[in-house]
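Asks: Have a look at this one.
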Amino acid sequence: EVKIYNTDQVNNAKELNLRDIFEGNDTAKSILNDDNHPLWKEIIETVKDYNPDTVGISINFTMIAKAGLKIAELIKQWNPIIKVVVGGPHASIVPNETLSDKNIDFLVRYEGEDTMLELIQRKDIASIRGLSYKDTDGRIIHNEDRKFIENLDEIPFPKLKLQLKKISDPENNF
């Protein structure tokens with residue numbers, strides 16, 4: 001069972017926006033360093049309520065990587081058994097740096113639709129193209145790249161019913 005949780009739409013995100021993060025202002029820094037901030041509490045409570053065995057985090061900009069890694073850290077503090085998978089442009093550009101974080105179990109490089117599906121289907125991780133992970137000795141392994149999807153029209157849009165929380169702004173719907 002898959003659910004989507006858009007943390008850009010959390011109730012407590014009003015205090016933190018991308019401009020703050022990009023500019024590295026004091027508000028963004030204080031929120032990123034405060035595990036008890038209502039933003040993080042809302043995110044982790046949503047994860048707890050759903051209680052997944054795997055969480056995927058998309059890091060779309062390098063400037064928000066710290067926020068994505070903070071979410072991974074809080075998830076692992078709550079339940080270290082949950083597998084945390086990161087993807088997105090930042091993860092694809094600097095996979096070693098991103099995967100070196102102790103709270104990240106897997107990293108999906110480039111287009112992740114098929115890679116993530118195979119990971120969730122529990123296929124042999126060594127055979128999943130586009131996947132990076134740490135072996136039992138902690139070494140980072142990068143499987144062969146996956147070919148890019150040639151016809152993007154073949155990929156279905158995410159279903160709105162998969163949202164854990166309805167997106168309040170219809171302009172931001174899928």
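Asks: Rounded, prolate or oblate: which fits the stretch 22-124 when a ≥ b ≥ c are the square roots of the eigenvalues of the alpha-carbon gyration tensor, with rounded for a/c under 1.5 and prolate only if a/b beats b/c?
Replies: In terms of gyration-tensor shape, oblate.
Asks: Can you sort Phe106, Phe157 by 1.4 Å-probe accessible area, starting with the largest?
Replies: Solvent-accessible surface, decreasing: Phe157, Phe106.
Asks: Which links in Lys48/Lys70; Lys41/Lys83; Lys102/Lys161; Lys66/Lys159 stretch past 24 Å when you go from one Cα to the other?
Replies: Result: Lys102/Lys161; Lys66/Lys159 exceed 24 Å.
Asks: Ignoring everything but the protein chains, give the 1.4 Å probe accessible area of Val108 in square angstrom, nearest 10.
Replies: So the heavy atoms of Val108 present about 10 Å² to solvent.
Asks: I need the GluC sites (Glu not before Pro) found in the stretch 51-157, filtered to DSSP loop residues with at most 11 other beta carbons within 10 Å of theirs.
Replies: Glu144, Glu150
The values are calculated or read from the model by the stated rules, or taken from the named source; none is laboratory data. As the structure is a prediction and not an experimental result, all values here were calculated from the model. No Cβ is skipped: glycine too gets one built from the backbone with ideal geometry, and neighbour counts run over all protein chains shown. Areas reflect the complete protein model, heavy atoms only, side chains present, ligands, DNA and RNA absent. Shrake-Rupley method; radii C 1.70, N 1.55, O 1.52, S 1.80 Å.
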